Amino acid sequence: MQTTASGKRPWTFYVLALIFTLFVIFLYGPMTVIYILSFQGPEGGLTFPMRGVSTQWFHELVEPGRSGDIAGSFQRSMLLAAVASVLTVLICISAGLGFRRRFPGAGFVFYLVVASLVMPGIFVGLGISLGFQLMGLETDWRISGLGAQLTWTLPFGLLVMFAVIGRFNRSFEEAARDLGATAWQRTREVTLPILLPGIIGVALFGFTLSYDEFARTVLTAGTENTLPLEIWAMTTNVTSPALFAVGTVTTIISFVVIGAALGSIALIQRRRGRNVASH
Amino acid sequence: MKLSPALISWLQVGPLALILIVFFGLPVLVVVAASFFDYDHMTVIPTFILDNYQDLFSSDVTLRLYLSSLKFAAIVWVITLLIGFFVSYFLVFHIDSLLIKIGLFLLCSVPFWTSNIIRMISWIPFLGRNGIFNQMLQDAHITSQPLEFLLFSDFAVVVAYVHLFTLFMVVPIFNSMARIDTRLIEAAKDAGASRFAIMREIVLPLSKSGIALGTIFVVTQVMGDFFVVKVMSGGQSASVVSALSNQIQQLEYPPAAASAVILVIVVVLMVAAILRIVDVRKELAS
């Protein structure tokens, strides 16, 4: 419908294309600038002009004591994100399948999910840290931090799971049942492989939302910082391009994770397309 | 032995429910309880007092903070709604190839999966006094000296919010627009409707649930934010949560808890109002 009878695109196409292009520039422009500025020369500052090109600010990140504990917080964040991602996948697959039936209490759990999604993060963090304090426990990123992040990754994962399951054709399962497959066989050999691309999407959300989480983690991480908390501390006391260098590094990690997830989804879809075509 | 279907569902949903009850439900109750507690310099004293709420309601600061947060929420809502609507409209109705459509959609979504703090910081070299934007304006002889209001101002706060949260608007609106039956639009066109009439009479009403979902996301994110306001306003503006986080830093937990409770009531009322206007369950159920 985007072409008129004469085959020409309507003027609205060009206006909207312009809006879209400006939006993409708005999204990526400033980010690109800090990636460039992170290679600022040793004499350079927080903005242009570039005074030479160097990797000095990246070296500064790994030198202990120069800009906080970047290396340690990076390791903690990667581990935390990996664990959060695995847990989010397992729990959301299970819950997504469970929600396909009506059961007493379904409404309550669903409202819990929605409430957890819209609740200001700091509220959750404050509640967890106060709760730990009242029970005489120390907050720690491995327990309270992970729990706080799950209240953010699980609702997102479940919504993605709902979207994926909504498009799932149940007649595949019924066919498997008619052929004598047990419930476990049906799940493992029919349902999960079909849902796999969506499951990778859930894993992607679990990882990136945890890796970048700030508002819920700030009060629950305990004495050791995660990477976003370390970056937050840097914004107040580091005024060198090292701040941009950490941005470049963490964005590269994100891009690698996103690329791996989207790439494997595309691969699965292509293989499927080929299989369907060859049958 | 055969398990009943309801029991199987509960076993499947159980882990999710358990984690959300332990790390979300109970902490919310703790905050509500703590909002009635007393405190001194070191500890929280479990008791029942209403002082925290009385202090909150008797201070003009509270009203100012809410007005400031609501002002940001309103401005950001309008901007993200316009961008979200037109970007989705372009992707859904003007791009024919599914592959290009998915590609452009991903192009918009990728930043969402990267760090919010870094994306916010990336505006600093852009908007600063000697930043790129000011240099561009001066090079083009539009201004003769750097504009001071760009960074560390309400303007910078709004720019950062729009940058961070527009995607929350694009995704749900895109979803509901993509589900509109194109035959409806063909029929309207055959009946002589103009482009604008189609947009107003068909596309807009049918994307209402997406708009409502996006609105809920954007408004709750802005109302719950504190780090954008803190960094981008350079400490000149405040929001409800930035004030709250200051109280937490000073270990004044009970007043912070009372302020958090009121904030959540306000946010819940706003969400409820949106849900009353638009029924979004259609959107979630399908």
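Each reported figure results from applying straightforward, stated rules to the coordinates on display, with no laboratory input. If you're wondering where the values come from, they're calculated on a predicted model, not measured in any experiment. Note: ideal-geometry Cβ built from the backbone for every residue, glycine included; neighbour counts use all protein chains shown.
Would you be able to tell me the number of residues in the stretch B:117-141 that are in contact (Cβ under 8 Å) with a residue 60 or more places away in the chain and either part of a helix (DSSP H, G or I) or of a type in the set (Lys, Arg) (or both)? Counting residues in the stretch B:117-141 that are in contact (Cβ under 8 Å) with a residue 60 or more places away in the chain and either part of a helix (DSSP H, G or I) or of a type in the set (Lys, Arg) (or both) gives 3. Within the stretch A:154-189, the set of residues being within 14 Å of chain B (Cβ to nearest Cβ) and outside any helix (DSSP H, G or I) comprises A:ARG167, A:PHE168, A:THR182. In the stretch B:236-258, the qualifying residues are those that are within 21 Å of the chain's Cα centre (by Cα) and either more than 10 Å from chain A (Cβ to nearest Cβ) or among the aliphatic types (A, V, I, L, M) (or both), and the one that is farthest from B:PHE149 (Cα to Cα) is B:LEU244.
Taken as a whole, the stretch B:160-177 holds no residue that is surrounded by 14 or more Cβ atoms within 10 Å (Cβ to Cβ) and part of a loop (DSSP other than H, G, I, E, B).
Does B:PHE217 satisfy being within 30 Å of B:VAL264 (Cα to Cα), surrounded by fewer than 20 Cβ atoms within 10 Å (Cβ to Cβ) and within 10 Å of chain A (Cβ to nearest Cβ)? Taking the combined requirement at face value, the residue satisfies it.
A count restricted to the stretch B:87-100 and to residues that are more than 7 Å from chain A (Cβ to nearest Cβ) and under 14 Å from B:ILE180 (Cβ atoms) stands at 3.
Of the residues making up the stretch A:44-83, those that are among the polar types (S, T, N, Q), surrounded by fewer than 17 Cβ atoms within 10 Å (Cβ to Cβ) and within 30 Å of A:ILE200 (Cα to Cα) number 1.
Scoring A:ARG216 on the criteria (1) within 11 Å of another protein chain (Cβ to nearest Cβ); (2) charged (D, E, K, R); (3) free of Cβ contacts under 8 Å to residues at least 24 places away in the same chain leaves a single failure, condition (3). Looking only at residues in the stretch A:84-104 that are at the interface with another protein chain (Cβ under 7 Å from one of its Cβ atoms) and not in a helix (DSSP H, G or I), the one that is surrounded by the most Cβ atoms within 10 Å (Cβ to Cβ) is A:PHE99.
Within the stretch A:180-194, is there a residue that is under 26 Å from the mean Cα position of the chain (by Cα), hydrophobic (A, V, I, L, M, F, W, C) and closer than 23 Å to A:MET78 by Cβ? No, there is no match, as no residue in the stretch A:180-194 is under 26 Å from the mean Cα position of the chain (by Cα), hydrophobic (A, V, I, L, M, F, W, C) and closer than 23 Å to A:MET78 by Cβ. What pairs come up if the first residue lies in the stretch B:26-46 and is part of a loop (DSSP other than H, G, I, E, B), the second is exposed (fewer than 12 other Cβ atoms within 10 Å of the Cβ) and polar (S, T, N, Q), and their beta carbons are under 7 Å apart, counting only those six or more places apart or on different chains? Partner pairs satisfying both residue conditions: B:PHE37/B:THR47. Check whether at least one residue in the stretch B:186-202 is assigned to a helix (DSSP H, G or I), under 30 Å from B:ARG129 (Cα atoms), within 11 Å of chain A (Cβ to nearest Cβ) and basic (Lys, Arg), and report yes or no. There is no residue in the stretch B:186-202 that is assigned to a helix (DSSP H, G or I), under 30 Å from B:ARG129 (Cα atoms), within 11 Å of chain A (Cβ to nearest Cβ) and basic (Lys, Arg).
Taking the stretch B:235-270 as the range and being farther than 20 Å from B:VAL32 by Cα and either surrounded by fewer than 18 Cβ atoms within 10 Å (Cβ to Cβ) or free of Cβ contacts under 8 Å to residues at least 40 places away in the same chain (or both) as the test, the residues that pass are B:GLY235, B:GLN236. Answer yes or no: is there a residue in the stretch A:65-79 that is touching a Gly at 6+ places or on another chain (Cβ under 6 Å) and away from every other protein chain (no Cβ under 12 Å). The answer is no; no qualifying residue exists.
Do you know which of the residues in the stretch A:135-153 that are touching a residue at least 12 places away in the same chain (Cβ under 8 Å) and not in a helix (DSSP H, G or I) is farthest from A:THR217 (Cα to Cα)? Filtering the stretch A:135-153 for residues that are touching a residue at least 12 places away in the same chain (Cβ under 8 Å) and not in a helix (DSSP H, G or I), the one farthest from A:THR217 (Cα to Cα) comes out as A:GLU138. Restricting attention to the stretch B:60-112, the residues that are touching a helix residue (DSSP H, G or I) at 6+ places or on another chain (Cβ under 6 Å) and not in a helix (DSSP H, G or I) total 1. Of all the residues in the stretch A:22-81, those that are outside any loop (DSSP other than H, G, I, E, B), in contact (Cβ under 8 Å) with a residue 40 or more places away in the chain and closer than 25 Å to A:PHE214 by Cβ number 17.
Between B:THR143, B:THR182, B:THR166, the distinction of being more than 22 Å from the chain's Cα centre (by Cα), among the β-branched types (Val, Ile, Thr) and at the interface with another protein chain (Cβ under 10 Å from one of its Cβ atoms) belongs to B:THR182 only.
Take B:PHE152 and tell me if it is touching a residue at least 60 places away in the same chain (Cβ under 8 Å) and in a loop (DSSP other than H, G, I, E, B). Yes.
When B:ALA238 is tested against (1) out of contact with any Ser or Thr (no Cβ under 7 Å at 6 or more places or on another chain); (2) among the hydrophobic types (A, V, I, L, M, F, W, C); (3) within 29 Å of B:VAL266 (Cβ to Cβ), exactly one condition is not met: (1). Within the bounds of the stretch B:52-71, is there any residue that is surrounded by 19 or more Cβ atoms within 10 Å (Cβ to Cβ) and within 10 Å of another protein chain (Cβ to nearest Cβ)? So far as the stretch B:52-71 goes, no, none of its residues is surrounded by 19 or more Cβ atoms within 10 Å (Cβ to Cβ) and within 10 Å of another protein chain (Cβ to nearest Cβ). In the stretch A:210-234, of all residues being of a type in the set (Ser, Thr, Tyr) and part of a loop (DSSP other than H, G, I, E, B), the one that is surrounded by the most Cβ atoms within 10 Å (Cβ to Cβ) corresponds to A:THR226.
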